[in-house]
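Peer 1: This is the structure, below, for whatever I ask next.
The values are calculated or read from the model by the stated rules, or taken from the named source; none is laboratory data. All values reported here derive from a predicted model rather than from experimental measurement. Reconstructed Cβ throughout: ideal geometry from the backbone, glycine too, with neighbour counts over all protein chains shown.
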């Protein structure tokens with residue numbers, strides 16, 4: 001089973017279970033959820049695809065803006 005989560009349809013401040021709070025992307029201005037600031041490649045995820053596998057779930061961003069490193 002495959003599902004697509006589109007965070008651009010959610011208002012700023014909405015809380016998405018297991019993802020975090022929806023924020024305005026500092027790169028493009030659309031809404032999305034941020035990856036952790038300690039990630040090697042931080043980004044603001046706008047859409048992601050989740051696939052249910054036999055041994056768990058695989059979640060991959062399908063649309064995201066890379067964030068500048070600080």
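Peer 1: For residue 2, are the conditions met, namely being in contact with a strand residue (DSSP E or B) (Cβ under 6 Å, 6 or more places away or on another chain) and exposed (fewer than 12 other Cβ atoms within 10 Å of the Cβ)?
Peer 2: yes
Peer 1: If you take the residues of region 30-47 that are in contact with a helix residue (DSSP H, G or I) (Cβ under 8 Å, 6 or more places away or on another chain) and crowded, with 17+ Cβ neighbours inside 10 Å, which of them is nearest to residue 5 (Cα to Cα)?
Peer 2: 46
Peer 1: Just a yes or no: is a residue in region 19-29 in contact (Cβ under 8 Å) with a residue 40 or more places away in the chain and surrounded by 13 or more Cβ atoms within 10 Å (Cβ to Cβ)?
Peer 2: yes
Peer 1: Related question: Pick out the one residue from 3, 50 that is on the phi < 0 side of the Ramachandran plot and over 13 Å from the mean Cα position of the chain (by Cα).
Peer 2: Result of the check over 3, 50: 3.
Peer 1: Moving to a separate point now. Given the condition at pLDDT below 95 and part of a loop (DSSP other than H, G, I, E, B), answer yes or no: does some residue in region 4-18 qualify?
Peer 2: Yes, region 4-18 contains at least one residue that is at pLDDT below 95 and part of a loop (DSSP other than H, G, I, E, B).
Peer 1: Select from region 27-51 the residues that are modelled with pLDDT under 95 and out of contact with any strand residue (DSSP E or B) (no Cβ under 8 Å at 6 or more places or on another chain) and write down the one among them that is nearest to residue 15 (Cα to Cα).
Peer 2: Across region 27-51, the extreme among qualifying residues is 36.
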